[in-house]
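See below for the structure under consideration.
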Amino acid sequence: MVGYSMVDPPRDEFSSQEPRPSGKGDEERMRALMEDHLPQLRAFVRLRTGRALLAKDSLSDLVQSTCREVIEDLPTATLTTKRAFLHWLYKAAERKIVDRARYWGRAKRDPGKLAEFDDFEGLDQVYNRLGTPSRIASGREELERFEQTFAKLPEDYQVVILLHRVVGLPHAEVSREMNRSENAVRSLLFRALAHLSTLLEAK
């Protein structure tokens with residue numbers, strides 16, 4: 001049933017060929033680094049946001065807005081590891097989602113025409129790393145089926161999969177984010193991926 005491995009993401013250090021942001025004024029390197037991680041960012045935002053908000057703010061708008069704010073708010077300290085960069089980017093995306101949800105909820109605004117729910121570019125590449133028993137086809141129906149199934153998972157299952165498999169944080173970092181021990185996170189991830197596989201196979 002399971003087709004996934006329980007390994008940490010690749011090594012944390014930047015290679016000599018990779019762009020490494022070095023603080024204020026280093027927009028060019030930051031843009032290059034975000035471009036490298038754009039598929040993961042798009043997948044995180046889409047799976048974390050849900051249809052209700054995506055009917056009001058498109059995926060592209062949310063991602064572009066997140067990237068723009070990240071560029072405008074570059075940290076003064078050098079981001080020396082991928083973990084630090086990914087954690088910073090994920091936090092920025094999470095804040096954007098929460099802010100937009102509050103905006104629409106507080107203002108009770110009419111979204112007008114619903115946004116087209118077909119912004120799937122590159123998502124199949126990320127979704128296929130989430131431990132599913134077989135590769136997800138790139139067709140719209142298969143991708144929508146995966147997302148609908150993912151949305152049925154308990155909140156902690158969704159979070160642990162997103163942080164480890166989509167954002168790329170190691171188990172130790174996920175444990176800090178979720179306030180659980182590393183062993184608890186590994187166990188939770190295993191159960192979450194197994195449950196996701198079971199739900200997909202039942203479809």
request  = Return yes or no: is residue 79 crowded, with 16+ Cβ neighbours inside 10 Å and either at pLDDT 75 or above or assigned by TED's automatic domain parsing to the domain that holds residue 192 (or both)?
outcome  = no
ask   = Tell me, which residue of the range 135-151 that is of a type in the set (S, T, N, Q) and at pLDDT 85 or above is farthest from residue 196 (Cα to Cα)?
value = 148
remark   = Inside the range 159-199, the number of residues satisfying the requirement of being closer than 15 Å to residue 147 by Cα, of a type in the set (Gly, Ala, Ser) and either under 16 Å from the mean Cα position of the chain (by Cα) or buried (at least 21 other Cβ atoms within 10 Å of the Cβ) (or both) is 1
request  = Among the residues of the range 32-50, count how many are surrounded by 15 or more Cβ atoms within 10 Å (Cβ to Cβ) and either farther than 15 Å from residue 167 by Cβ or of a type in the set (Gly, Ala, Ser) (or both).
outcome  = 1
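The values are calculated or read from the model by the stated rules, or taken from the named source; none is laboratory data. Worth saying up front: this structure is predicted, and the values here are computed from it rather than measured. Positions of Cβ are backbone-derived with ideal geometry, glycine not excepted, and every protein chain shown enters the neighbour counts.
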